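Structure record follows, encoded as structure tokens.
Rule-based calculations on the coordinates, nothing more; no lab input. Computed from a predicted structure; not experimentally measured. When we count neighbours, we look across all protein chains shown, and the Cβ atoms used for this are built from the backbone with ideal geometry, even at glycine.
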Amino acid sequence: MSGRVCASILQRASSYTLIPPWSASSQFIQCCLFEAQPTSQPRSAHHRHFSSRRASRVERSQSGRHLSTRQDIDFQLNQVQINSILRSNEQTVIVPEFDGRGISAVRKFESNQLAANTPNEDRRSAATCLQSKGVLFGVFDGHGGWACAQAVSERLLYYTAVAMMPKQSLEELEKCMEHGRPVPPILQWYKHHSDFNYRESASLYIDHLRVFWQELLDSEEHGEGMSPPDALDRAFKRLDADISLEAQVPLSNDLMKSTAIQVAFAGCTASVAHIGTEGIHVANAGDCRIVLGVQEEDGSWSALPLSQDHNSQNETEVERIRAQHPPSERDTVVTDDRLLGVLMPLRAFGDVRFKWSHELQQSVLASLESGVDLDSLNLYQYTPPNYLTPPYLDVAPEITYHKLRPKDRFLILGTDGLWDELGSEEAVQLVGEHLSGIHLQAPVSPSERQLKLGQMHELLLKRRARASPALDTNAATHLIRRALGTGEYGELCQERLASMLALPEDLARMYRDDITATVVYLNSNLARPQNG
């Protein structure tokens, strides 16, 4: 997730984690921010980073001895322990086919997370819209700590749902707030037992959500509510504006103020999917990714990306940013494959260090109480190089639409930690074969028949690896296991997987990123052939 500005600072930024100003042992209490009771069924930094593909073996020092990870792992991690680590955050939720308002386009979803940072900087969200239609899913990849990803994961789905609500429903919300009556739930959340909310900031978040719907009520055009693409676009932009504002205005207590500043100075990328009975709308800002799994008529699987990564590998994105700045900055806006040589994603929430003027940044940091240690908040006072004409970053999402077809079977939402290890086609293949239990093998080609004995042996190993049974019922866990444990021939390598999972905290981030994966199974029966 982050060049050169101050080598020592960026070295710290590559792995810094946000330590809450309250005690680490404090319990985070779920706040009821207009939510229905959760029905989930839990089953059990975009700064510099290195892919685990490059890590065949890691060595570490322990008690003065230099031991290989391989020696440690065989002793430390057995199959039961590996499964326990991989499955501790998995989630499986069956979505009611009919909820009283119509048939759901989602049958169920499976999700999981595996941390590399301590604490994990990824977040995920899932909820059904109760005052409008459709189901919302999101994955959020934090950098510079988890603060921004946490706030966005709590709030973005609310902003989206409110924007889609008809004026009549918004009026009911406002009347309830005015008279102190219970507010009708906006979302049916599906939460994992480990999820938490910013308890101290709940009232602030409600207040700003209310201001948002009040503005929608004042709009003569709102009527029956925004379409999903308009709602997603407005929600991304409005939430980012609120995050920026909250860091600048006086707040009721020091804890709320420091949290707001942490959220704004950290950052996160986001991919959100709204799934309705007609189709899927995807909003993406950054380098998370959403891919559709398609089953062809012959039973084979293909991947259809519904989002584009916003990083330096996307030349259109690089040119978009260059066009926003003077020609004299053309060679400095994106350098070393990073924004201003520092940040990998080219769109993101928060990250006000790439949006605000230098003077505003200094003023906001100075507004913190004199006794607050900026270091403890992971706030570092530095300015990116060539910071001449801000803003250099925005959160405007790229919106795509896909009309549902009978052959569209599932969505994969993943943070870049997943896509660092798996290609889109590979991930769809893994989930598709996991779903069907059928592993299609292509016929041996004429050229393969000419292989020498050793080459034929290698080919057989690869084909056998593809046909090996899955160890996990949860497809997201299956993806993470294969992402970290796939060997040279495509086989599941227990030793490699154990090595990746047993890396100590100070090394794990050098070899893999936080990984979040959510697999959403679609109700393909809704898409009749004549509509495909």
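Some notes on this structure:
- Cross-link pairs exceeding 25 Å between alpha carbons, from the set Lys108/Lys167; Lys133/Lys403; Lys257/Lys355; Lys108/Lys191; Lys108/Lys175; Lys237/Lys257: Lys108/Lys167; Lys108/Lys175.
- Qualifying GluC sites (Glu not before Pro) in the stretch 206-275, where qualification requires a DSSP coil assignment and no more than 10 other C-beta atoms within 10 Å, comprise Glu220, Glu221.
- FRET efficiency for the Leu217 to Leu360 pair, using the beta carbon distance and R₀ = 22 Å, is estimated at 0.10.
- Summing charges over neighbours of Glu315, with a neighbour being any other residue whose Cβ is under 13 Å away from its Cβ, gives -2 when K and R count +1 and D and E count -1.
- Positive-pole candidate from Ser153, Leu130, Ala116, dipole of the stretch 95-179, charges at beta carbon: Leu130
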